[in-house]
Structure formats: C-alpha cells, structure tokens
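Let me begin by presenting the structure, written as structure tokens, before commenting on it.
The values are calculated or read from the model by the stated rules, or taken from the named source; none is laboratory data. As the structure is a prediction and not an experimental result, all values here were calculated from the model. Backbone-built Cβ (ideal geometry, glycine too); neighbour counts: all protein chains shown.
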Amino acid sequence: MKRGAKYLAPPLRRGFVSANSAVKKASHDYQLIDTEQKFDEFFTQLKKQKIFAIDTETTSMFAMRADLVGISFSWKPQAAFYLPVKAPLGQKHLESETIRQKLAPILADRNIKKIGQNIKYDLLVLQNAGVPVKGVHFDTMVASYCLDADRKHSLDKMALDFLNYESIPISALIGKGKNQLTFDMVDTAAACEYSAEDADITFQLYNYLKDHLDKEPQLKKLFEEVEMPLVEVLAAIECNGVSLDTKLLKNMSGELNETIKNLTDRIYELAGEVFNIDSPKQLAEILFDKLKLESIRIGKAGRSTDAGVLEQLADQHAIIPLIIEYRMVSKLKNTYVDKLSLLINPRTGRVHASFNQTVTTTGRLSSSNPNLQNIPIRTELGRKIRSAFIPKNKKDCILSADYSQIELRLLAHFSKDKALMAAFAADQDIHRFVASQIYNVPIEDVTDQMRSNCKAVNFGIIYGQGAFGLSRSIGISQTEAKKFIDDYFARYSSIRKFMNDCVENAKRTGYAETILHRRRIISNLTSKNANKRAQAQRLAINTVIQGSAADLIKVAMINIQRKIEAENLPVKLILQVHDELVFELPASDADKHAKWIAKEMSTAIKLDVPLKVDISYGQTWLG
DNA sequence: GTGTTCACG
DNA sequence: ACGTACGTGAACACG
C-alpha cells in the first residue's frame, strides 16, 4: 500500500445534476451568464475583485489554433461564473464584442491579479481573441511544479490529491477518440458545470498551494521572481513562432526519397529478402539469425540493433553501413523534413511549438508539437534541416546566442576549484587546459587525442559516469579508465568534494538544490541496492548542475524579454534550447542587439567564474 | 499502451 | 553478480 493511502478518505464523487434539474446544488453555486442582464450583474461583482481565477474553453488543445468558446471566473470557493461566447445553434450566448469591450480593461489591468491552471494557454487564447491579459499572478500548475517537480500537475490530479475532489472529465462532455466533439458543440448548461468547476478548483488549489509556498520562502521567491514571470516570456515565444523555408524542405524530401529507395533496394539485396527495416525485431532476425552476426546486447524485447551495436558490427558485413545510413536518413526525413511543414499555422504562416514549463525534473524546459529543442545539427544532412529555419522578413536575420561551457563553469563555481576558476577567468579552452594538467604537458603540447579524452571525462563527471562508461566512450580499457578518473580527482579534489557535498546535502535534506533553490526530491540515497544508490547519487549531483544552468537561462530570458518590451525593440525571442536563445531581429542592427543580448545572458546570475556567450547570426539558424 | 530507437542539450 | 551517464519528445512496430 502506498504511504499515506490508508488515511485518505474516498474522494467526493460529484452527483450528476441535469441542466434542468430542480435539485438545489447545495455544494456549489455555478452561474451561467448567457444574457446581457446576467452579464451586468456579474460584471458589477467582477469589478470589485482584486484577484480571481480565470479559465478559458476553446476548440483546440493547442492554444495557437484555438478559438475562444467561453470564459469562467471564480473568486470564492464553490462559486464560479461561466460566460459562453460561442454555443450550439439556438442556445443563448454573449456577444464577443460585449465581452471584449467590458472585460478587456479588467484583464489588461496589471493590478488585478489573475490565477490560472496552465495560464500560458489562456493568455494566448485571449490575446488571439483580441483581449490581452496582464497581471498574471499565480499558475497552480507551475506552483505544484515548484513544490514537487516529480508529481503530476494536471487539474484533475491535483483536485483529487490536494482537495480530495473528483472533477468532471472533459470526455464526459466531448467524448474521446476520433469522434470527439469540439467544445463549441457542448450545451452551455453542461459547459457551465464543467468550466465553472475548473475555475472553482483552480481558485481552491491556489489557496492550498499558496499556503504551502508561504512555508518555503526560498521556493516562493523562485516561484514569484522566476517561474511566474517566465510564463509570459514563454507565451511570447510560442506566439512569435518560427518561420520555415518550405521550398527547401520540399526539395529535400524528394531527394531523400531517392536516397531511401536506393538504400532499401541494396539492403534487401544483401539480406536476400524483403523485410521491414524499421522493425527492430525483423532487423534482428536478418542480422543475427540469417547473416549470423554477433548479438552484442539484449533488451526486454530482444536483441538490440541500436546505433552502438551497429557501429561495432560495421566492418563485419556490408549491410551494416547501409542500415546505419538508412536509419539516419529515414529518421531525419520522417521526424523533421516531412513533419515540420505540416505544423505551419495557416493564420500566421509560422510554426508555434509549446514550451513546457512543468515537465522536466531538473527545471529545464521541454518543447513539443513540434519539439524544436532537438532540431538536428550534428550531421551534414542535419545542418541542412536547420538551415530551413529562416526569418519571415528578408531584412531580418536569425541570431543565436549560446552559453559557452555553462555546466562546467557551474562546476567550477560550485567547487571553487582554483585551477578551473583560473582557466575560465583566462578564457582558456577548458578541455585543453584539463588535458595539459592531467597529462602534465604544456598547453601547446596537448594532442587532439588528449583533449578529446579530457572532454569526455569533463562531460562524464557532470553525469556521474564511472569507469565502464568512460572506457566505452573513449575506447580504452576499464582499468585505464579507472586510472584516468582517479588521476582526475587527485588533481581536482575540490570537484570530488563538491560531488560528495551534493550527495550529503541531499541525504540530509531529502532533496538536491540548485543555485536559485529549486528542489528535486531524491530518494534511494540509502537504498540497499547499490545500483539504485549509485543512480540516486548521480541524480543528486547532476540535478544541481543541470538545474542551475536552467535557472540561469530562465533569468536571462526574463530580463531580455523585459528589455524588449520596455524599449519596444524589434527583437523576437523565438527559441530556447537549454543553453541557447534564438532571436529574429533586423539584420542591419544585428551587432547592436548581439551586444546587449550577450550582456544580459552573461550577467543573469553572478558567479565566481565569468559567463561567456557565443553569438552568431545570418540568414538561417545555421548562422 | 509499451518498448526501441534516435534527434537535441 | 549486477549494470553501467543526466535531461527530454517523436516515430515506428507490435500486441
């Protein structure tokens, strides 16, 4: 049984109450505001409020493609109002013009505080409906994320867990699967019950979560000064979107078709039969049964055929290099070349991804629909895809600004290692510097091999890699790898101390903590299972570094967007890729903007090492 | 819905 | 004897 479960009373199940029922709903007061007269009464009350929860209903899960259907408000537990602006034929609804004119001043008033669940969504919907919102005060989803990133943050789950309340599932209104209705087809009475409930619950969750944040001043500061301001920055990024060279992508698609056809034919030829190359199961049968190649690794579903395995088999059979190439080309074509154009918004002509604030356990953002944080760059073909990201206006350019070695700089900052700090202070090539120390040779005598090995170790350290992993990543024996790591820690004992401190702190407090006091709960640090324990230790270390880097770029994003708005600069933030910000701005002023952007990024948080920002710009994201 | 694979930092 | 480097999202196969 789960801890605490036995103390939890069963959730209050909502009784179904039909729209025309005479039953008095003692438990809540949800009002449908579907006439001008009701609106006036509602509006008289709304005007008196300094803080309220707001929720929008729309025709789409995706904010940039959603049309407004209704708005609900709540400023008192168990009480809420639903204002339909679109309704099925024959049902009363308010005129959008009334809503726009009457509500707009209140929504635009930054002194009237708005509460929402995933309020970034409502910001975008309302802005696209011609009603910009200011005074974004509290997002229940973001608050829950700050308190415990690992839990689920959906409204329904939080209502159940925090309020012991089971809310109406959206499927009760619109169904599920491919025959789903859109919300504008739902009865206004049912829509009211659903939507008003969401606003009500959001307001109740606000009270609950606020109390918990109030008990943790440092988390509260992170929430108020970083995460909440970031909501509006992410809304701006999503609204801005990115522009694509569709012609280039279309041409590439045709060329890649030929490549894939050619590879497929040759693979079938060498295999002696036609099979589905995309099926790891069928591929394994061909490679390991028919062609008698050696199976190197097995997983749950059978013998692995991943890139690492294929690489080791590359010179065993002529089919392997073809499969490696087939995998790369089909991946890039199916995931990017053929998919990105499909996501262009017809209204804006641009692609508007979601930048998710409450997904990762470390504090990083994630991106979806499409994921614009994993656009290829490592191969020639990959870079060609990246060159399809262009400015919409010919006189603009794409400017990319990325932190140089942000995680290693944070490692130097946290560990206070004198040598590493000095190396960064002198703007040395950090991998070369470490190599000269570990191999005990002058900087100019460091070979590419030495530098490359130390680069692998530097990265491995951040992830808590052991001798096995290092030996595999740089192709030396485990014994040699162990010696290498021992030498590294002998030379950089302050790094070992930092890593030990990360684990000890996490053991003592129960969580890893970033530079801005973001927390991640770490369990298993005292597990009897050595593997689980080692993994927990790696998390305790990596979370501090990865999470602090996330903190840093979030602060930079907020400061940059504030400057853009305060000075009304013609600069659009269009992407964040963990240590990189991408902008669309006038090519004629690229140097000028590059300067202040680099300054904002490098001064976001003061560290004991300088923060370096590399900038490039040009007619595409390739620079 | 789960597992495998692979794109990115 | 064990598994082995952190954090994501998407496409595809398969039951």
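Applying a threshold of 7 Å to beta carbon distances and a minimum spacing of six or more residues, or different chains, the list of pairs starting in the range A:338-364 at a residue that is basic (Lys, Arg) and ending at one that is within 10 Å of DNA strand C (Cβ to nearest atom) and in a loop (DSSP other than H, G, I, E, B) reads A:Lys339/A:Pro370; A:Arg364/A:His578.
Checking each residue in the range A:519-541 for being loosely packed, with under 13 Cβ neighbours inside 10 Å and more than 10 Å from DNA strand C (Cβ to nearest atom) picks out A:Thr526, A:Lys528.
Restricting A:Leu332, A:Leu313, A:Leu343 to those that are more than 11 Å from DNA strand B (Cβ to nearest atom), at pLDDT 95 or above and either under 30 Å from A:Asp551 (Cα atoms) or surrounded by 14 or more Cβ atoms within 10 Å (Cβ to Cβ) (or both) reduces the list to A:Leu343.
Of the residues making up the range A:131-159, those that are closer than 15 Å to A:Lys113 by Cβ and either in contact with a Lys or Arg (Cβ under 8 Å, 6 or more places away or on another chain) or within 16 Å of DNA strand C (Cβ to nearest atom) (or both) are A:Val133, A:Lys134, A:Gly135, A:Val136, A:His137, A:Phe138, A:Asp139, A:Val142, A:Ala143.
Would a scan of the range A:476-491 turn up a residue that is within 16 Å of DNA strand B (Cβ to nearest atom), of a type outside the set (Ser, Thr, Tyr) and farther than 30 Å from A:Ile553 by Cα? No - not one qualifying residue is present in the range A:476-491.
The residue pairs whose first member lies in the range A:371-394 and is closer than 10 Å to A:Gln619 by Cα, whose second member is at pLDDT below 95, and whose beta carbons are closer than 9 Å, counting only pairs six or more residues apart or on different chains, are A:Ser387/A:Leu622; A:Phe389/A:Leu622.
State the number of residues belonging to the range A:357-378 that are among the small types (Gly, Ala, Ser), away from DNA strand B (no atom under 11 Å from the Cβ) and surrounded by fewer than 20 Cβ atoms within 10 Å (Cβ to Cβ). Looking only at that region, the number is 1. Scanning the range A:565-575 finds one or more residues that are part of a strand (DSSP E or B) and surrounded by fewer than 23 Cβ atoms within 10 Å (Cβ to Cβ).
Could you tell me whether any residue of the range A:173-183 is among the aromatic types (Phe, Trp, Tyr), part of a helix (DSSP H, G or I), surrounded by 19 or more Cβ atoms within 10 Å (Cβ to Cβ) and within 25 Å of the chain's Cα centre (by Cα)? Show your work before the answer.
We begin by selecting, within the range A:173-183, every residue among the aromatic types (Phe, Trp, Tyr); these are A:183.
Now drop any that are not part of a helix (DSSP H, G or I), which leaves A:183.
Okay, now just the ones that are also surrounded by 19 or more Cβ atoms within 10 Å (Cβ to Cβ), so A:183.
Next cut, within 25 Å of the chain's Cα centre (by Cα) only: none.
So far as the range A:173-183 goes, no, none of its residues is among the aromatic types (Phe, Trp, Tyr), part of a helix (DSSP H, G or I), surrounded by 19 or more Cβ atoms within 10 Å (Cβ to Cβ) and within 25 Å of the chain's Cα centre (by Cα).
Looking at A:Ser616, A:Ser588, A:Ser602, which one is surrounded by fewer than 22 Cβ atoms within 10 Å (Cβ to Cβ), touching a Gly at 6+ places or on another chain (Cβ under 8 Å) and modelled with pLDDT of 95 or more?
On the way: A:Ser588 fails: touching a Gly at 6+ places or on another chain (Cβ under 8 Å); A:Ser602 fails: touching a Gly at 6+ places or on another chain (Cβ under 8 Å).
Going through A:Ser616, A:Ser588, A:Ser602 in turn, the sole match is A:Ser616.
Within the range A:410-420, identify whether any single residue is over 32 Å from the mean Cα position of the chain (by Cα) and in a helix (DSSP H, G or I), and answer yes or no. The answer is yes, given that some residue of the range A:410-420 is over 32 Å from the mean Cα position of the chain (by Cα) and in a helix (DSSP H, G or I). Taken over the range A:37-70, residues that are touching a strand residue (DSSP E or B) at 6+ places or on another chain (Cβ under 7 Å) and closer than 17 Å to A:Ala199 by Cα amount to 15. Taking each residue of the range A:297-324 that is on the phi > 0 side of the Ramachandran plot and looking for partners that are in a helix (DSSP H, G or I) with beta-carbon atoms closer than 6 Å, six or more apart or interchain, yields A:Gly302/A:Ala284.
When A:Asp278 is tested against (1) charged (D, E, K, R); (2) near DNA strand C (Cβ under 8 Å from one of its atoms); (3) within 30 Å of A:Met141 (Cα to Cα), exactly one condition is not met: (3).
Flag: A:Asn458 does not match the condition of being buried (at least 18 other Cβ atoms within 10 Å of the Cβ), polar (S, T, N, Q) and away from DNA strand B (no atom under 16 Å from the Cβ).
Is it the case that some residue within the range A:331-344 is part of a loop (DSSP other than H, G, I, E, B), near DNA strand C (Cβ under 10 Å from one of its atoms), among the acidic types (Asp, Glu) and farther than 29 Å from A:Pro570 by Cβ?
As a first pass, look at the range A:331-344 and keep what is part of a loop (DSSP other than H, G, I, E, B): A:338-339.
Still in the running and near DNA strand C (Cβ under 10 Å from one of its atoms): A:338-339.
After this cut, where a residue has to be among the acidic types (Asp, Glu) as well, the list is A:338.
Subsequent filtering for residues that are farther than 29 Å from A:Pro570 by Cβ retains A:338.
Yes, some residue in the range A:331-344 is part of a loop (DSSP other than H, G, I, E, B), near DNA strand C (Cβ under 10 Å from one of its atoms), among the acidic types (Asp, Glu) and farther than 29 Å from A:Pro570 by Cβ.
One line per residue, one yes/no per condition, for (1) within 25 Å of A:Lys612 (Cα to Cα); (2) at pLDDT 95 or above; (3) under 29 Å from the mean Cα position of the chain (by Cα):
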{"site": "A:Tyr439", "(1), (2), (3)": "no, no, no"}
{"site": "A:Val446", "(1), (2), (3)": "yes, yes, no"}
{"site": "A:Gly464", "(1), (2), (3)": "yes, no, yes"}
{"site": "A:Phe468", "(1), (2), (3)": "no, no, no"}
{"site": "A:Ser471", "(1), (2), (3)": "no, no, no"}
{"site": "A:Gly475", "(1), (2), (3)": "no, no, no"}
{"site": "A:Gln478", "(1), (2), (3)": "no, no, no"}
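Out of the residues in the range A:281-310 meeting the condition of being of a type in the set (A, V, I, L, M) and closer than 19 Å to A:Thr264 by Cβ, tell me which one is farthest from DNA strand B (Cβ to nearest atom). Step by step, filter the range A:281-310, then rank; the result is A:Leu291.
Can you find a residue that is part of a loop (DSSP other than H, G, I, E, B), touching a helix residue (DSSP H, G or I) at 6+ places or on another chain (Cβ under 8 Å) and either closer than 30 Å to A:Val136 by Cα or within 16 Å of DNA strand C (Cβ to nearest atom) (or both) anywhere in the range A:245-253?
We begin by selecting, within the range A:245-253, every residue part of a loop (DSSP other than H, G, I, E, B); these are A:245.
Keeping just the survivors that are touching a helix residue (DSSP H, G or I) at 6+ places or on another chain (Cβ under 8 Å) gives none.
No, the conditions are met nowhere in the range A:245-253.
Could you go through the range A:304-313 and let me know if any residue there is of a type in the set (Ser, Thr, Tyr) and closer than 30 Å to A:Ile553 by Cβ. No.
Take the residues in the range A:531-586 that are under 16 Å from the mean Cα position of the chain (by Cα) and small (Gly, Ala, Ser), then tell me which one is farthest from DNA strand B (Cβ to nearest atom). Going through the qualifying residues, I end up with A:Ser548.
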